[in-house]
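One structure is given below, encoded as C-alpha cells.
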Amino acid sequence: MHQALIRRLERDLDERKAEGLEREIPEIGSAEGLTNLADNDYLGLSFHPSVKQAAKDAIGLYGTSSSASPLISGYGKAHENLLDTLLSWHEFEYGIIWNSGYAANQALLASLPQKGDIVLADRLIHNSMISGLLRSGARIARYRHCNLDHLEELLDLYVKQGRISFVVTESVFSMDGDFPDLKRLARLKQSYNFIWILDEAHSLGWYGEKGNGLAEEYGVAKEVDVLVGTLGKSLGSMGAYTLFHDERLKRFLVNFSGEFIYSTYLAPSCAATAQASIRIVEEDSAPRASGRKLSRRVRTAVREMGFHTDDTDSPIISIVLGDISKTMGVAKALQEDGFLIGSIRPPTVPENTSRLRISLKANLGENVVEQLIASLERNLS
C-alpha cells in the first residue's frame, strides 16, 4: 500500500486515540449476562415469539433475500403488506420502504431540497440528516435545539425572500431524549408554508394512541409533509420508511434517489417481522404506558442525584458528565454492576458533552429498576 496513505491513516488514528475517541467494535459476548440498556429495542419485540415466528414464516415463503433492487424484482408481497400496514397505522396515503434509516434520510435530504432552497434544521439532528443535506446544494441554517422562537426568527428572515423552505427535526432526539413542541411547529407551518420533515425513529412504539409516534399523539400528522420512521428500534426488525400525503413526493424519490434505485432491497423477513410488531404495538398499549411511567421514575431519581434530565418520559435518558474519561469509567463501573449503558463521546455529541445514554426497556422488572437506580447512585456520586 502507498506509504503516504499509510502515514495519513496512522496520523488520523493516532490523533483520535490520543483524544480518547477511537471507536472499537465490542468483543462478541461482551453483553452476555448484562441488562442491555444500550440498544434501541425499547419494547423488547426483537425477542417476541410472534415476531420471531413471522420471520421464520417469511423465510419459508420468500427465501432469505430480496436479491435485487425494488425496481427490478426485489419488491415483493411482504413489502407490499408492510407498506399497507404502515399507511393504515399512520393514516398517510403514500410511502416508501428503505433499507435503513440512514439511507432514508440520506436519500430524502440529498434530493428534495436543492440549490436555491433554504433548510432550517434543529442544531442536534442526526448525522444521517446532516450528511444528506450537505449533498443537496441547499442553504442550511441551524436553529438552536428545540428553540422554536429562534426557528420563527429564521422563518421570518428566509420565507420573505420567497425561497422554498424546509424545516427538519426529530421528534424524540436520539441523544437527548427530548422533543420540540410539535403543536407549535404545526402552527408555524400554517403561517409560513414550509415543507415539514419529521423523523419519528425514537418515538415509535412509545407514543401515540396506536403506538405510532408523537405526531399522532399531538394530532399534527396531517401537517407533516414527510414522516420518517424506522423498523429497527421499537419494532424489532431492520429497515425504515418515509410516508407522504402527496404522491409526487413518493414518485420523485422513486425516480431520483440512488439509495432506492440501485441497492438490493430489504429482506422479506425484515418486512414481515416489522408488520408483526406493529400489530402487537397497536393491540397492546400497556408496555408503552409502563415504559413511560418507568422513564419518569428513573429521571426523578437521576435529578435527585444532582444531574439534569429533560422533563419528558421518552425511553432515552441522557446523563451529561462532560469529561470523556469519567464517562467511560462510569460506564465500565455500571457494566461491572450488570448494566450495559451507552457511553457517548464526540463527535457523536458536541465537545464537552460526553454522556451516559440510558435506553430504557418497557419490560424492566421492579428489582432490576431498583438495582439500576442504586448502581447509578453509587457510581455517579
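The values are calculated or read from the model by the stated rules, or taken from the named source; none is laboratory data. Fair warning: this is a prediction, and the values are worked out from it, not measured in the lab. Heads up, the Cβs are rebuilt from the backbone with ideal geometry, glycines too, and the neighbour counts pull from every protein chain shown. With ligands, DNA and RNA removed, areas are computed over all heavy atoms of the protein, side chains included. Shrake-Rupley method; radii C 1.70, N 1.55, O 1.52, S 1.80 Å.
Taking θ = phi - 60°, what integer Hz values does the Karplus form 6.51 cos²θ - 1.76 cosθ + 1.60 yield along segment 223-238, in sequence order, with x for Gly and Pro?
Karplus values, whole Hz, x for Gly and Pro: 8, 7, 7, 9, 9, 9, x, 10, 9, x, 10, 4, 8, x, 10, 8.
If you count only protein heavy atoms with a 1.4 Å probe, what accessible area per residue comes out for segment 30-149, rounded to a whole Å²?
Value returned for segment 30-149: 46 Å² of accessible area per residue.
For a quick check, take a GNM of the chain with Cα springs below 10 Å and name the residue from Leu37, Leu124, Leu71 with the largest mean-square fluctuation.
Leu71
Take Gln114 and Glu15, extend 7 Å from each Cα along the Cα→Cβ direction, and tell me the distance between the two endpoints in nm.
For the pair Gln114/Glu15, the computed spacing is 3.6 nm.
Using the heavy atoms of the protein chains alone and a 1.4 angstrom probe, what is the accessible area of segment 275-367 per residue in square angstrom?
Here the per-residue accessible area is 46 Å².
R0 = 30 Å: FRET efficiency of Ile130 with Glu366, Cβ-based, nearest 0.05? Present the calculation step by step, with values, prior to reporting the outcome.
Working: r = 40 Å, r/R0 = 1.34.
For Ile130 and Glu366, the calculated efficiency is 0.15.
Can you list residues whose amide H is under 5 Å from Gly76's amide H, if they're 5+ apart or on another chain and H is modeled 1.01 Å from N?
Excluding prolines and chain starts, which carry no amide H, there are no hits.
Given H placed 1.01 Å from N in the peptide plane, which residues other than close sequence neighbours of Phe166 have an amide H under 5 Å from its amide H?
Ile118, Val119, Leu120, Ile195
Express in whole angstrom the spacing between the alpha-carbon centres of segment 258-288 and segment 161-198.
After rounding, the separation between the Cα centres reads 25 Å.
Read phi for every residue in segment 106-120 and hand back ³J(HN,Hα) as whole Hz from Karplus 6.51 cos²θ - 1.76 cosθ + 1.60, θ = phi - 60°, with x for Gly and Pro.
4, 4, 4, 8, 7, 10, 6, x, 9, 3, x, 7, 10, 10, 9
Starting from the Cα-Cα distance between Lys222 and Arg297, subtract it from 0.36 nm times their residue separation and give me the gain in nm to one decimal.
Here the segment from Lys222 to Arg297 would lengthen by 23.7 nm.
Computing the accessible area with a 1.4 Å probe over protein heavy atoms, can you report the carbon and sulfur percentage for the chain? Before the final figure, lay out the partial values.
Values: 8770 of 17860 Å².
Looking at the chain in its full context, I get 49 percent from C and S.
Short version: ³J(HN,Hα) in whole Hz for each residue of segment 72-79, in order, from phi by Karplus 6.51 cos²θ - 1.76 cosθ + 1.60 (θ = phi - 60°), x for Gly and Pro, what are they?
9, 8, x, 8, x, 5, 4, 5
Taking amide hydrogens as modeled 1.01 Å from N in the peptide plane, which residues meet the under 5 Å criterion relative to Asp199, leaving out close sequence neighbours?
Amide H neighbours of Asp199: Thr169, Glu170, Ser171, Val228.
For the chain, count the residues as N, evaluate 2.2 N^0.38 Å, and divide the Cα radius of gyration by that value, please.
Cα Rg divided by the expected 2.2 N^0.38 Å: 1.01.
Go through Lys52/Lys233; Lys293/Lys361; Lys160/Lys189; Lys52/Lys332; Lys52/Lys77; Lys210/Lys250 and tell me which ones have a Cα-Cα distance over 21 Å in this structure.
From the list (Lys52/Lys233; Lys293/Lys361; Lys160/Lys189; Lys52/Lys332; Lys52/Lys77; Lys210/Lys250), the Cα-Cα distance tops 21 Å for Lys52/Lys332; Lys210/Lys250.
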